[in-house]
Amino acid sequence: MHDTHDADAIVIGSGMGGLATAALLSRLHGRRVLVLERHWRAGGFTHTFSRPGGWTWDVGVHYVGAEVVRPGMAGDAMRVVTGGALAWTRMPDPFERLVFPGFEFEMRAGRERLAEDLARAFPAEAGAVRAYLRDVGRAASATAVLALRGTAPRPVAAAARALLAGRLRLARRTTREVLDARFRDERLRAVLGARWVDHGMPPGLGAFLPHAVITAHYLEGGWYPEGSAARIAEGAARVVEQAGGAVRVRAEVERILVEGGRAVGVRLRGGEELRAPVVVSDAGARATFLRLLPPEVPIPFRDRIRSAPPGMAHVSLYLGLSSSPASLGVRGENFWIHDALDQDGLWARRGEVLEGRAPHVYVSFPSMKDPAARAHTAEIVTAVDAAAFSRWAASSWRRRGAEYEALKERIADGLLDAAERRLPGLRRLVAYRELSTPLSTEAFTGHAGGEIYGIPWTPERMDMPFLQPRTPVGGLFLTGADALVLGVIGALMGGLMAAVAVAGPSTFGRVRAAARSLGAQPPTRTAERPSTAGTPA
């Protein structure tokens, strides 16, 4: 390392993608990596927070798919990134309940079980269900083309595009187009399109690719990190530190330093400059190219990023419960509660959330998924329009005024009302509640408008080849969701592809070898409910 360098690589942001890249470069290539996080706690959407009484909530990792516990590159990468110490708890079966006016559908683990359950509920569409599941597999496999952007030689990437051209065309269609072409029953279309908040775009606006990726991801059920999602960030930080690197919090990057057409370091808010021959940004494409890079640095696609529509923003109600939600019949599964079948209509009505009415909500019980939980918790999430909060954009966290606090109370009441449609009695268990808004997301992550999935997955996003690990600036790389696909595993794999772009394709083999060297996969368990977590201390 050059003696004027503060590190071999600087990573901006400690989300899943940033930590993955940092840990892989540290463990596999012996790089000394400095991770810089603007928040006072590392982890991005993998971090957790607590309140007096023993209540702890995750802010982004509500559940993940079976890739983390079965052989394969994603599971190997997660083990290496976290140092092999992370254990996973399997959610109960059914692991999700999709609730609509007049009927409910249980999501059970297993591709064949899903096909059978759908055929049983919608017998006239049994053949179409099988065809749809084939569509899901074909479209999800198109992510291989995205993974080759910026990491494989151009002839290889071009050959993959040609070979998978049909799958790319399918992946680029809207989810609504695919569902309408396959199914006649509106209820079946509602069931299959119900989890769009997991990828941020309703069926009529979102490309089929993220729908397919999320559907395929959860075909074998849901899993949760034992000890909470914070264990992901803690494990990755240890890996980085063991190689001589560091994770610094309260270290907000305000500028990427560029000299002679290359990134050479960063300047922090307050003026401190740090130097490294490699800079990796987990701040997202918008922040990286529109805010962090000097405006005079030529970026040919700046206008396309500037004109991209805003991604999904959300509100999340964090509930501390006085006793176990098992009294409501909850076993640890997720609930998707809708007051109508038309998912695009629910998106159009998201403004009602500010009026105290929530057309649809996602309800999760972290303490029921985690055997290590000390006290019972719940979370209620729904999509909102971030623009509705812009009048408070210049204010600071916890200092936004009485009108803002009154709005939050109204929203919280509406979310609880919506959850009670399926879970009557939840309100009486609430001992503590706290609401986050898009302003909270933007304050802690730096994501403009509080968007949580990066550049939104419209079909047009498929035509943005610059969303890849390599950038036009030498020495500058992109990691996380905008480098590949969204979600915890998407950001993890984006982190892997960024490490490959930095250090070369030998990274793949080193991941597998390092995973083997860590020994047997830590034991997993299925959470037994009701939980032993008691009332708050």
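What the table shows:
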| item | result |
| --- | --- |
| Residues within region 475-500 that are assigned to a loop (DSSP other than H, G, I, E, B) and surrounded by fewer than 24 Cβ atoms within 10 Å (Cβ to Cβ), tallied | 1 |
| Some residue of region 504-515 being surrounded by 19 or more Cβ atoms within 10 Å (Cβ to Cβ), farther than 30 Å from Ser324 by Cβ and either among the β-branched types (Val, Ile, Thr) or touching a strand residue (DSSP E or B) at 6+ places or on another chain (Cβ under 7 Å) (or both) | yes |
| Selection from region 226-253 of residues that are in a strand (DSSP E or B) and open to solvent by less than 60 Å² (accessible area, probe 1.4 Å) | Ala246, Val247, Val253 |
| Any hit, region 285-292, residues being polar (S, T, N, Q), surrounded by 16 or more Cβ atoms within 10 Å (Cβ to Cβ), in a helix (DSSP H, G or I) and in contact with a His (Cβ under 8 Å, 6 or more places away or on another chain) | no |
| Flag if Ser323 is crowded, with 19+ Cβ neighbours inside 10 Å and of a type in the set (Gly, Ala, Ser) | no |
| Residue within region 88-106 that is open to solvent by 10 Å² or more (accessible area, probe 1.4 Å), assigned to a loop (DSSP other than H, G, I, E, B) and free of Cβ contacts under 8 Å to residues at least 24 places away in the same chain present | yes |
| Single residue of Ala87, Ala109 found to be in contact with an Asp or Glu (Cβ under 7 Å, 6 or more places away or on another chain) and either under 30 Å from Val33 (Cα atoms) or among the acidic types (Asp, Glu) (or both) | Ala87 |
| Members of region 448-474 that are open to solvent by 40 Å² or more (accessible area, probe 1.4 Å) and either modelled with pLDDT under 95 or under 18 Å from Pro298 (Cα atoms) (or both) | Ala448, Tyr453, Asp463, Pro465, Arg470, Pro472 |
| Filter pass, Tyr318 being touching a Phe, Trp or Tyr at 6+ places or on another chain (Cβ under 8 Å), at pLDDT 95 or above and closer than 30 Å to Asp180 by Cβ | no |
| In region 107-123, the residues that are surrounded by 13 or more Cβ atoms within 10 Å (Cβ to Cβ) and either under 23 Å from the mean Cα position of the chain (by Cα) or charged (D, E, K, R) (or both) | Met107, Arg108, Ala109, Gly110, Arg111, Arg113, Glu116, Asp117 |
| Hey, Ala126 under 13 Å from Leu188 (Cα atoms) and surrounded by fewer than 20 Cβ atoms within 10 Å (Cβ to Cβ) or not | yes |
| Checklist (1) touching a helix residue (DSSP H, G or I) at 6+ places or on another chain (Cβ under 9 Å); (2) among the β-branched types (Val, Ile, Thr); (3) surrounded by 19 or more Cβ atoms within 10 Å (Cβ to Cβ) applied to Val258, failing item | (1) |
| Among the candidates Gly509, Gly475, Gly504, residue that is free of Cβ contacts under 8 Å to residues at least 60 places away in the same chain, of a type in the set (Gly, Ala, Ser) and farther than 26 Å from Arg70 by Cβ | Gly504 |
| Lone qualifier among Arg331, Arg357 - being part of a loop (DSSP other than H, G, I, E, B), closer than 15 Å to Leu416 by Cα and either open to solvent by less than 10 Å² (accessible area, probe 1.4 Å) or touching a residue at least 40 places away in the same chain (Cβ under 8 Å) (or both) | Arg357 |
| Checking Val145 against (1) touching a residue at least 60 places away in the same chain (Cβ under 8 Å); (2) surrounded by 18 or more Cβ atoms within 10 Å (Cβ to Cβ); (3) hydrophobic (A, V, I, L, M, F, W, C), the condition it does not meet | (1) |
| Within region 170-188, considering residues that are surrounded by fewer than 22 Cβ atoms within 10 Å (Cβ to Cβ) and touching a Phe, Trp or Tyr at 6+ places or on another chain (Cβ under 6 Å), the one farthest from Thr382 (Cα to Cα) | Arg182 |
| Which listed residue, of Arg391, Arg398, Arg421, is surrounded by fewer than 20 Cβ atoms within 10 Å (Cβ to Cβ), within 16 Å of Val353 (Cα to Cα) and among the basic types (Lys, Arg) | Arg421 |
| Any pair with Cβ under 9 angstrom, 6 or more apart, that starts in region 241-259 at a residue that is free of Cβ contacts under 8 Å to residues at least 12 places away in the same chain and ends at one that is in a helix (DSSP H, G or I) | Glu241/Ser26 |
| Some residue of region 426-444 being in contact with a His (Cβ under 6 Å, 6 or more places away or on another chain) and open to solvent by 30 Å² or more (accessible area, probe 1.4 Å) | yes |
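Results for (1) farther than 21 Å from Ser26 by Cβ; (2) of a type outside the set (Lys, Arg); (3) surrounded by 14 or more Cβ atoms within 10 Å (Cβ to Cβ), shown as yes or no for each residue.
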residue	(1), (2), (3)
Gly265	no, yes, yes
Arg269	yes, no, no
Glu273	yes, yes, no
Ser281	no, yes, yes
Glu296	yes, yes, no
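Yes or no, residue by residue, for (1) in contact with a Pro (Cβ under 7 Å, 6 or more places away or on another chain); (2) basic (Lys, Arg); (3) closer than 24 Å to Gly487 by Cα:
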site	(1), (2), (3)
Arg130	no, yes, no
Ala139	no, no, yes
Glu177	no, no, yes
Asp185	no, no, no
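The values are calculated or read from the model by the stated rules, or taken from the named source; none is laboratory data. Computed from a predicted structure; not experimentally measured. Cβ atoms come from the backbone with ideal geometry, glycine included; neighbour counts cover every protein chain shown. When the accessible area is computed, the model is the full protein with side chains, heavy atoms only, and any ligands, DNA or RNA have been set aside. Shrake-Rupley method; radii C 1.70, N 1.55, O 1.52, S 1.80 Å.
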